[in-house]
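*Asks:* Supplied in structure tokens, the structure appears directly below.
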Amino acid sequence: MSASKPMILIHGAWQGSWVWDGFIAALEQRAPGRYIPIPVDLPGNGADGAPPESASMESYLAYLDAIIVRLTGSFTLVAHSGGGVVASALAERHPERVRCIVYIAAMMLPSDMGFGEVVQRLLPQDPTASGITPWLLWPVDKKVSVVPPEAAIAFFLQDYAPGPAVIASRRFTPQGEQGRALTAQLTPERYGTIPRLYVQATQDRSVTFALQKLMCELAPGAVIRSVDTGHAPHVVAPDILLDAMFPWLNNI
């Protein structure tokens, strides 16, 4: 049997490593011993006690560097939502270590482009492109945002069973804007050499299907698959997500 492959799991905004619990259980049942899942808690996102204002790309990458220095060989990156920009930046930083990247309804963007710019391209003809943004609360004016539980259910978890959806909606944490409005500097020689899979979530109300398709057009080169779920297939339907991921991963 070949050695287990590390798989770093990067959550999105307002979230933490807890979102990967069901995915990890399904992964270990479906492919026992094939991967070593490593769910991360990005600093300032609610798990480490750091104030959310301290969240930033620099702190995220320093935290991830401290994880990968303990790993041997290459690893897979799996990123959801806003974690996609972090995954891209980490891949640019360590192209020799990153085996491949899987984006799940994630921000897969061209170099130096922010997600807000993609949203602005669609908003004039598609008001739903604003996603969760109009529902955010701002306890620290424009520096920290909070997702109300009812909005978390409506935009992230609308296809989850009601009981688990309520429990999950209460686990969302304040998000520093410096850790959400991210860009990455990417080059064809580094990031551009890494195989990418983009899993589109067709019923997504947060990063809408139209936004996902536009990002795939703006950052071409990824293999594209789709799942008929809302924004969080790794939470709501991990087996369906793995069905989309495994055929591609098995050939990398």
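Every number here is computed from the coordinates shown, using simple stated rules; none is lab data. Bear in mind the structure is a predicted one, so any value in this text is a computation, not a measurement. Note: ideal-geometry Cβ built from the backbone for every residue, glycine included; neighbour counts use all protein chains shown.
*Asks:* Out of all DSSP beta bridges in the stretch 100-252, what portion is antiparallel? Express it as a percent rounded to 5.
*Replies:* 30 percent
*Asks:* OK, next. Counting Lys and Arg as +1 and Asp and Glu as -1, each charge on the Cβ, what is the dipole of the chain about the Cα centre in debye, to the nearest 20?
*Replies:* Magnitude of the dipole: close to 380 debye.
*Asks:* So how much slack lies between residue 133 and residue 213, counting 0.36 nm per residue of separation and subtracting their Cα-Cα distance, in nm?
*Replies:* That works out to 26.9 nm of additional length.
*Asks:* Apply 1/(1 + (r/R0)^6) to the Cβ-Cβ distance of residue 54 and residue 181, taking R0 = 22 Å, and write down the FRET efficiency to the nearest 0.05.
*Replies:* Working from the Cβ atoms, E equals 0.90.
*Asks:* Separate question: Output the direction-averaged projected area (hull surface divided by four) of the convex hull of the alpha-carbon atoms of the stretch 167-252, in nm².
*Replies:* Mean projected area of the Cα convex hull: 7.2 nm².
*Asks:* Say a paramagnetic label sat at a point 7 Å from the Cα of residue 239, along Cα to Cβ; which residues of the stretch 2-46 have their backbone N under 11 Å from it?
*Replies:* 26, 30
*Asks:* If the viscosity is 0.692 mPa s and the temperature 37 °C, what translational diffusion coefficient in µm²/s does Stokes-Einstein give for the stretch 18-173 when Rh comes from Kirkwood over Cα pairs?
*Replies:* After rounding, the answer is 187 µm²/s.
*Asks:* What are the ³J(HN,Hα) values, in whole Hz, obtained from phi via the Karplus relation 6.51 cos²θ - 1.76 cosθ + 1.60 with θ = phi - 60°, for each residue of the stretch 26-37 in sequence order, with x given for Gly and Pro?
*Replies:* Each residue's phi maps through the Karplus curve to give 5, 4, 6, 6, 7, 9, x, x, 7, 10, 10, x Hz.
*Asks:* At 222 nm, what helix-only mean residue ellipticity would the chain give, in deg cm²/dmol to the nearest 500, using -39500 (n - 2.57) for each DSSP H run of four or more?
*Replies:* It comes out at -9000 deg cm²/dmol, rounded to the nearest 500.
*Asks:* Give me, ordered by chain and number, the residues 5 or more places off residue 5 or on other chains with an amide H under 5 Å from its own placed amide H.
*Replies:* Amide H neighbours of residue 5: 35, 36.
*Asks:* Dipole of the stretch 85-139, Cα-centred, from +1 at each Lys and Arg C-beta and -1 at each Asp and Glu C-beta, to the nearest 20 debye?
*Replies:* 180 debye
*Asks:* What is the Cα centroid distance between the stretch 69-115 and the stretch 182-233, reported in whole angstrom?
*Replies:* Centre-to-centre distance over Cα atoms comes out at 11 Å.
*Asks:* Another one. Give me log10 I(q)/I(0) at q = 0.21, 0.22, 0.25 Å⁻¹ for the stretch 17-109, Debye formula, one equal scatterer per alpha-carbon, no solvent.
*Replies:* -1.21, -1.31, -1.53
*Asks:* Using a 7 Å offset from the Cα along the Cα-to-Cβ direction at both residue 226 and residue 125, what is the distance between the two label points in nm, to one decimal?
*Replies:* 1.7 nm
*Asks:* Here's another thing I want to ask about it. What number, in percent, do you get for the relative contact order of the stretch 53-170 if the mean sequence gap of Cα pairs under 8 Å and at least 6 apart is divided by its residue count?
*Replies:* 17 percent
*Asks:* Quote the relative contact order of the stretch 140-252 in percent (integer), defining contacts as alpha-carbon pairs under 8 Å separated by 6+ residues.
*Replies:* 27 percent
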